[in-house]
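Structure, as structure tokens:
What follows draws every value from the coordinates through simple rules; no lab data is involved. These numbers were taken from a predicted model, which means no experiment stands behind them. Every residue, glycine as well, gets a Cβ built from its backbone with ideal geometry; the counts of neighbours run over all protein chains shown.
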Amino acid sequence: MEVLYKSTRGKQAAITASEAILKGLSEDGGLYVPTEIPKLNISLEKLSKMSYQEVAFEVMRCFLTDFTEEELKDCIRKAYDSKFDTEEIAPLKEAGGRYYLELFHGATIAFKDMALSILPHLMVTAAKKNQIKKEIVILTATSGDTGKAAMAGFSDVPGTKIIVFYPKNGVSPVQEKQMVTQKGNNTYVVGIHGNFDDAQTAVKEMFNDKEMASLLDREGFQFSSANSINIGRLVPQIVYYVYAYASLIRKGCIKEGQEINVVVPTGNFGNILAAFYAKQMGLPINKLICASNENKVLYDFFSTGTYDRRREFILTNSPSMDILISSNLERLIYYISGQEASICSELMNGLNQGGAYTITEEMKEKLSDFYGNYCTEEETAATIAKVYKQSGYVLDTHTAVAAGVYDKYEKSTGDTHPVVIASTASPYKFSRSVMKGILETVEEPDDFVLADRLSEISGVPVPKAVQDIRTAPVLHDCVVNVSDMPETVLHILGIR
Ligand SMILES: *Cc1c(COP(=O)(O)O)cnc(C)c1O
């Protein structure tokens, strides 16, 4: 069956998977969605005997139907290799009767590596398939994590360049060190005098700048985007839920067909949407549990049916979930509207213009697969301490939000399904908050020394990604004004 992609907002003709990957976002502002969610056409028992790479192939081939078997296998081989510090790629660890799906064994020790390791290869392949000869230039504004994960993915991938802008004084010292030490002869990192919004706005303007586009075109370049609304990032995320289920069968924890719960610490709604797609494919999932931090816009949405971003933005210790506009929720809204682009489009306009929208009762009924809740900062810290004391297992702050929310869910429902918690970052990425959770007070000023302490108490070695940046040389030191960003891009590309 061929799967095509159409916009959540428009009535335009559907396009192929490779075209959707190249475009990223539809011209009408909508996100690409598959015209039909394909069913897994291989038994879970068979999948339980496969490697991560083999499962990835079986899942991704269902969605990316215009890629040949060869092409897809080649992308998967290049993505999930020794960049990951374990052959399992996404190991499932048991602690206190729950299963943690560790998605942080890639280059930047957070789950965005799972998709950003393969996106560059999907993009280059898609460009070839569509006879695009130009070099792809990825432009990204980052508040810290995405930029590094995207650079690690695109580093030295032929036919691509990546330029990342970050707020010079708006990222953590470890995040900055991770970025400015990035290797690769096609990676460029530029600090800006401004905040993340300034960087993001300037990048969007460059994407929409027709003059710049034609200049690039003449010189043999084309902009593209690696952000999380690209279906080339969504599809690879479906894989690890299928792999987690297959791992539970392999380990003898469940029987084929038995339902499980899945908990996802959520920000932009990409990761949990992938779990929803896995369920639609036929994976036996009972509840999809959406965990938020104090920016609990999604919890409010699931409980009231109203999405309202008009509220204070709270900085928390789970910063990758500090988000008030969860872009990928649009794909779920589209789905529960009965795939009616006009309804979806109207609601999204409401969000853009008025800052809120409310779904109908009928749509709300279709959300029964989901349960939403949130954890306060105190509850998150307490969860880290509790899990450590009970089992010796150390959670990062994002994963702790998920575990804390599951406590609330279990308490209010008495549900006893086996549960998989998406573990989205290594505790070493947030050593300070994690150590504070466990010890309550931390005096040590140096984050690297804290990482050593964490290793002593957890028995888990400090990951190579952290060791490496300790001594790595700084390779990027360019800082510019926001107004000079376009000139900087042209300069990097050798156009001016
Ligand atoms: C990005 C991120 C999340 C949120 O994932 P979404 O797909 O945006 O919902 C959660 N945890 C970590 C560590 C992240 O980097």
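Of the GluC sites (Glu not before Pro) found in region 409-496, those in coil by DSSP whose Cβ has at most 15 other Cβ atoms within 10 Å are GLU440, GLU443. Here region 76-160 is treated as an ellipsoid with the same Cα gyration tensor; its semi-axes, largest first and in whole Å, are 29, 15, 10. Simple spin-label model, 7 Å along Cα-to-Cβ: ASN195 to THR360 in nm? Placing both labels 7 Å along Cα→Cβ, they lie 3.9 nm apart. Rounded to the nearest whole Hz, the Karplus-based 3J(HN,Hα) values (6.51 cos²θ - 1.76 cosθ + 1.60, θ = phi - 60°) of region 335-344 follow the sequence 5, 6, 7, x, 6, 9, 4, 5, 5, 4, with x at glycine and proline. Here GLU88 and ILE492 are evaluated by their C-beta separation; at R0 = 51 Å the FRET efficiency comes out at 0.85. Summed over all non-identical Cα pairs, the Kirkwood treatment of region 1-140 gives a radius of 16.8 Å. Placing +1 on each Lys and Arg Cβ and -1 on each Asp and Glu Cβ, with no other charges, gives region 167-309 a dipole about its Cα centre of roughly 660 debye. Across region 316-368, Cα pairs under 8 Å and at least six residues apart give a relative contact order of 25 percent.
Exposure proxy shown here: for MET1, MET123, the number of other Cβ atoms within 10 Å sets the order, fewest to most, as MET1, MET123. Using the beta-carbon distance between ASP322 and ASP209 and R0 = 35 Å, what value does 1/(1 + (r/R0)^6) give for FRET efficiency, to the nearest 0.05? Result of the calculation: an efficiency of 0.75. Can you give the relative contact order of the chain as a percent, counting alpha carbon pairs under 8 Å and 6+ residues apart? After rounding, I find 18 percent. Rounded to the nearest whole Hz, the Karplus-based 3J(HN,Hα) values (6.51 cos²θ - 1.76 cosθ + 1.60, θ = phi - 60°) of region 475-483 follow the sequence 10, 10, 9, 7, 10, 10, 7, 4, 5, with x at glycine and proline.
For the chain, the 222 nm mean residue ellipticity estimated from helices alone, with every DSSP H stretch of n ≥ 4 adding -39500 (n - 2.57) and the total spread over all residues, rounds to -13500 deg cm²/dmol. At q = 0.15 Å⁻¹, what is the log10 ratio I(q)/I(0) for region 55-213, with the Debye formula run over Cα points and no solvent? So the normalised log intensities are -0.91.
Let me test this: with uniform point scatterers at the alpha carbons of region 381-496, what is the Debye-based log₁₀ I(q)/I(0) at q = 0.14, 0.20 1/Å? Computed log10 I(q)/I(0) values: -0.72, -1.04.
Phi-derived couplings, Karplus 6.51 cos²θ - 1.76 cosθ + 1.60 at θ = phi - 60°, listed residue by residue for region 277-284: 4, 4, 4, 4, 6, x, 5, x Hz, with x used for Gly and Pro. Secondary structure note: in the chain, about 25% of the DSSP beta bridges are antiparallel. Computing FRET efficiency as 1/(1 + (r/R0)^6) for LYS389 and ASN130, where r is the C-beta to C-beta distance and R0 is 51 Å, gives about 0.40.
Of the GluC sites (Glu not before Pro) found in region 62-94, the ones in coil according to DSSP and having at most 14 other Cβ atoms within 10 Å of their Cβ are GLU87, GLU88.
Can you pull out the trypsin sites (Lys or Arg not before Pro) in region 80-161 whose DSSP state is coil and whose Cβ has at most 15 other Cβ atoms within 10 Å? Listed in order of number, the matching sites are LYS133, LYS134. Translational diffusion of the chain was estimated from the Stokes-Einstein equation, with Rh taken as the Kirkwood radius over Cα pairs; at 4 °C and 1.567 mPa s the coefficient is 56 µm²/s.
For CYS478, the amide hydrogen comes within under 5 Å of the amide hydrogens of GLY191, counting only partners 5 or more places away or on other chains and with H modelled in the peptide plane. Counting every alpha-carbon pair across region 358-412, the share separated by more than 15 Å comes to 54%.
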